[in-house]
């Protein structure tokens, strides 16, 4: 099957502010059934907006205007439901519809975070059980569901690590981070007050125990690594590395962004990991929402448990209850208000229950299988960054393109013409012009083959018709976007 | 790529031209080419001290950030404000219009380890 | 097996292509001693029908607010508002919710334009110059604002109003702990319920990075923002205004017109259900001069190669994927879909709707307040003006009253001694357009009976 795109039927659409005209009514919010309160009777005039204040051109549009506006915008977008989205490191798997229905049940959406515990036992039970499932999958001893995203989870984990050493009376100041790490790792470390010590991965793409040994000291709080790493390879030496770090009293933080490769196959606890964040919006199928919301639960071993953020959920007999700071004197405190991104937890819970142990394992093995199929099928046309079997993603470099005048970005944009979302490009930084492909387990063989065929055609085009690549994409609503102009002449909002 | 003979260079890809006690500093053609379209530059204030090998500013393209390292110690006597408003000059004329700062050199001995055009060219060949 | 699209024949084809005879061979890259030998100890998988039945049974163990369930007067940073039907239908389009962060602008113009519009809406409501595309929630956004103020001023001292949401205060302290810098509390006036300017002045010291004030504050009281702005600006610090109930922005003078430097808060009130506390919608807006210190995604307008208007992520060099340990924040995934929902809500109701909504909220709260005070069971706790939330002091044990009212399916408010031990028998109570006059009258009646 050859996948193609066509011109489609793109309606032009102005900004909603440009559609607006004075006096138009949209959805009437409500009518009041109580006496109108005169604001000036209780609030000083200086605190109030002026009567004619138009809020700087705030929109006034009809309901149908609004419906057409956002419907058209949605048609300019590409999602997992539109097509294949092999965005490496992001795990763009199918987002099951039943999870969406579950999350929209009024018994979940209508809960106020401060309502009496007796009236939200189902929500607390769900969170309690989800913690237990995630503990079982990761092997960790305790989990907090509070962080809102992967990076928020990293920060939470690093705060706990800092608190752990402080509590021991010997604060530590450094975090070792490999050069293949996600940018969030060093950014979170810095935010948590640590100095980042970078180390190079070895020629085989893996972290070498000797390299860790050379920099590990008693001022190093933790080694932060991703496993499988961002090249899609399992860090085989992790146990040895953990031994080295633990011998100096340090901890192992694992960025769990790539947990999709390990579910049911291996547990982080067995590798010596002390702290990990899991990305429910990657591994556990909750949608990415065009940039969140996600959810980044953090798992820890026993010795870090006292430092988990509050509140904690406890089961007392048959009742579930929230435990606060008074009973958790060593807690780092809070990463946010309330308890975390509950509706995302609902989706992840439904996913785990739907799949069960066998289904989760099958998801992981199929993800690995599909990635290796990509790797094997494309390695004649693109240079593999490391020619060894991979886990859940395969990384290629731009080496075979050198001299063609074509860059990795051109390949990415040309893929759009074939109807695919491009892979992650130019990451990890250690691979020149990296093309990082993560097919996930949910794609069919026909889709994988169509993508492979497109990549092969593009490899030929790069030599025979490079202009096709450089001018791509051609069937999208807009052609290549001028990001330089956006930065040089910033327009960050509409103005009347 | 252009490497004027009358300039000296650093391994951090800055060029420097010394006239009397004043050094003019900018980034090389190679540096602007590797960065891509420059969209933003941050420079020190006049009168501010700079130290050899230490950052005195930042230059950014859409997807990269690079520190600017001073090839020499001293105090800033003049700042090229024009490139703050039109950073594209750094791509167009890195050795001319897009000079960045002028420095009153405090220790001329520091100039001895700077690279000649030839040495710098050799250095970037190896770095590739 | 659910959500796997390969048949056995497909698997055989893949194995043959790779040149191996079983998937086990591929798993050989996992060291043997790290492999799970048995199965995960999890419940067996379910059919879709069973999954949905299970989820319904879990949901049925809760008593949600509204919909013929509990009548709620809880606010405190999470507000029960009517969400127009347009929101779920439009934000529920899967081209929006199954997309990733819009790194490839040519196939993400929908998300990008919607976020550009959302940024504009935030600026319009707050009268600020620029806004980012979203942060996680109000509390973490406030912590980010404090970090930003420190970068802008190069100073450490942070003064927090005592009437700032206590969970926001706790979040800021967690974020700043590692830096162990000084955080001080500006006491609130126990009579007015608002931040004392003299106390703020003392808390700030000589060189504050910022003063953080919630408006309307945690007790529901309106702050004299201009006076506080003057106090912090005199010391060349920044004023951070926190808005947890943005419906108030339809009525109150916007922060940008009363001296605010950074506005943060939570836009949950627009388009986002209560959801037991999340996901909510952190927002941040500031002045143009500070834009390079903003955390989070920013969308900008530009053109494509053919000169057509287009949008893309911009100022990315501030962010972690480029600047790594020197980034303005570590944030990556944010709350884009929540922002889309807020934008759809706001554009659906429009200028007239927003103003009407804030007036109705004001009226409901004042009617409720009056009805409750008439019972003589409670007194006003503070004298400052309010918007849609207020604090009362009960003459009897507040917990017992809450319990009795709960038996009548009324969530009567939040007892404040959980955060402020001195404020015993104080109840924080909110009203929105969803509290009908009948509900309010019944609340008052049950309160006087209790």
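Where a number appears in this text, it was derived from the coordinates with a stated rule and is not lab data. Please read these numbers as outputs of a predicted model, since none were measured by experiment. Methodologically, a virtual Cβ is constructed for each residue, glycine included, from the backbone with ideal geometry; neighbour enumeration extends over all protein chains shown.
Distance between the 7 Å Cα→Cβ label points at residue A:168 and residue A:5: 5.3 nm.
Let me know the whole percent of all Cα-Cα pairs from region A:99-352 that are separated by more than 28 Å. Provide the component values of the computation, followed by the final result.
On the way: 9856 of 32131 pairs.
Within region A:99-352, distances greater than 28 Å cover 31 percent of Cα pairs.
Quick one: order B:116, C:5 by neighbouring beta-carbon count within 10 Å, fewest to most. The partial results should precede the final answer.
Values: B:116 13, C:5 18.
The order, fewest Cβ neighbours first, is B:116, C:5.
Rounded to the nearest 0.05, the FRET efficiency derived from the C-beta distance between residue C:393 and residue A:210 at R0 = 51 Å is 0.15.
How long are the semi-axes of the equivalent ellipsoid of chain A, taking √(5λ) for every eigenvalue λ of the Cα gyration tensor, in whole Å from largest down?
Values: eigenvalues 287, 261, 100 Å².
Sorted largest first and rounded, they come to 38, 36, 22 Å.
What does the average come to when, for each residue of peptide A:48-55, you count the partner chain Cβ atoms lying within 10 Å of its Cβ? Display every interim value, and only then the final one.
Numbers: counts 5, 10, 2, 0, 0, 8, 3, 12.
Mean partner-chain Cβ count within 10 Å for A:48-55: 5.
For region A:366-484, what relative contact order do you get, as a whole percent, if you take Cα pairs closer than 8 Å and at least 6 residues apart? The normalised contact order for region A:366-484 reaches 29 percent.
Annotation: peptides A:428-434, A:325-331, ranked by per-residue average of other Cβ atoms within 10 Å with the highest first, follow the order A:428-434, A:325-331. Summary of packing: across the peptides A:456-468, C:149-161, A:401-413, the per-residue average of other C-beta atoms within 10 Å ranks them, highest first, as C:149-161, A:401-413, A:456-468. Once a ≥ b ≥ c are taken as the square roots of the eigenvalues of the Cα gyration tensor of region A:1-109, is the result rounded (a/c under 1.5), prolate (a/b larger than b/c) or oblate (a/b not larger than b/c)? Note, shape of region A:1-109 comes out prolate.
Antiparallel beta bridges, as assigned by DSSP with both residues in the protein assembly as shown, represent about 70 percent of the total such bridges.
In terms of its Cα atoms, region C:258-298 spans 37, 25, 14 Å along the principal axes, sorted from long to short. From the Cα gyration tensor of region B:50-128, with a ≥ b ≥ c the square roots of its eigenvalues, which class applies: rounded if a/c is under 1.5, or else prolate if a/b is larger than b/c, or else oblate? Oblate, because a/c is 1.5 or more while a/b does not exceed b/c. The label-point distance for residue A:471 and residue A:243, in a model that sets each label 7 Å from Cα toward Cβ, rounds to 6.1 nm.
Remark: spin-label model distance residue C:409-residue A:379 equals 6.6 nm, labels positioned 7 Å along the Cα→Cβ axis.
Considering all C-alpha pairs of region A:117-257, those separated by over 19 Å amount to 54%.
Please arrange A:74, C:108 by counting, for each residue, the other beta carbons lying within 10 Å of its beta carbon, fewest first.
Details: A:74 24, C:108 28.
The most exposed by this proxy come first: A:74, C:108.
Only Cα pairs under 8 Å and 6+ residues apart enter the sum, and on that basis the relative contact order of chain C stands at 20 percent.
Peptide A:133-139 has a mean of 2 when you count, residue by residue, the C-beta atoms of other protein chains within 10 Å of its C-beta. Contact order, relative form, for region A:201-321: 19 percent (alpha carbon pairs under 8 Å, 6 or more residues apart, mean separation divided by residue count). With q set to 0.15 Å⁻¹, the log10 of I(q)/I(0) for region A:260-324, from the Debye formula over equal scatterers at the Cα positions, is -0.70.
For region C:32-113, the square roots a ≥ b ≥ c of the C-alpha gyration tensor eigenvalues yield an a/c of 1.5 or more together with a/b not exceeding b/c, which makes the shape oblate.
Above 26 Å, the calculated P(r) of region C:86-344 contains 38 percent of its Cα-Cα pairs. Compared with the direct C-alpha span, the chain from residue C:191 to residue C:67 gains 40.9 nm at full extension, assuming 0.36 nm per residue. When each of the peptides C:252-263, B:56-67 is scored by how many other beta carbons lie within 10 Å of its residues on average, the order from highest to lowest is C:252-263, B:56-67. Inter-chain Cβ neighbour count for C:117-130, averaged per residue, equals 5 (cutoff 10 Å, partner chain atoms only). Ordering B:13, A:128 by the number of other Cβ atoms within 10 Å of each residue's own Cβ, fewest first, gives A:128, B:13. Could you compute the FRET efficiency for residue A:322 and residue C:8, with r as their C-beta to C-beta distance and R0 at 51 Å, rounded to 0.05? The calculated FRET efficiency here is 0.60.
Set the Förster distance to 22 Å, then compute FRET efficiency between residue B:22 and residue B:123 from the Cβ-Cβ distance, nearest 0.05.
Once rounded, the FRET efficiency stands at 0.30.
Relative intensity of the protein assembly as shown on a log10 scale, I(q)/I(0) at q = 0.04, 0.06, 0.09 Å⁻¹, equals -0.20, -0.45, -1.06, per a Debye sum over C-alpha point scatterers of equal strength in the absence of solvent.
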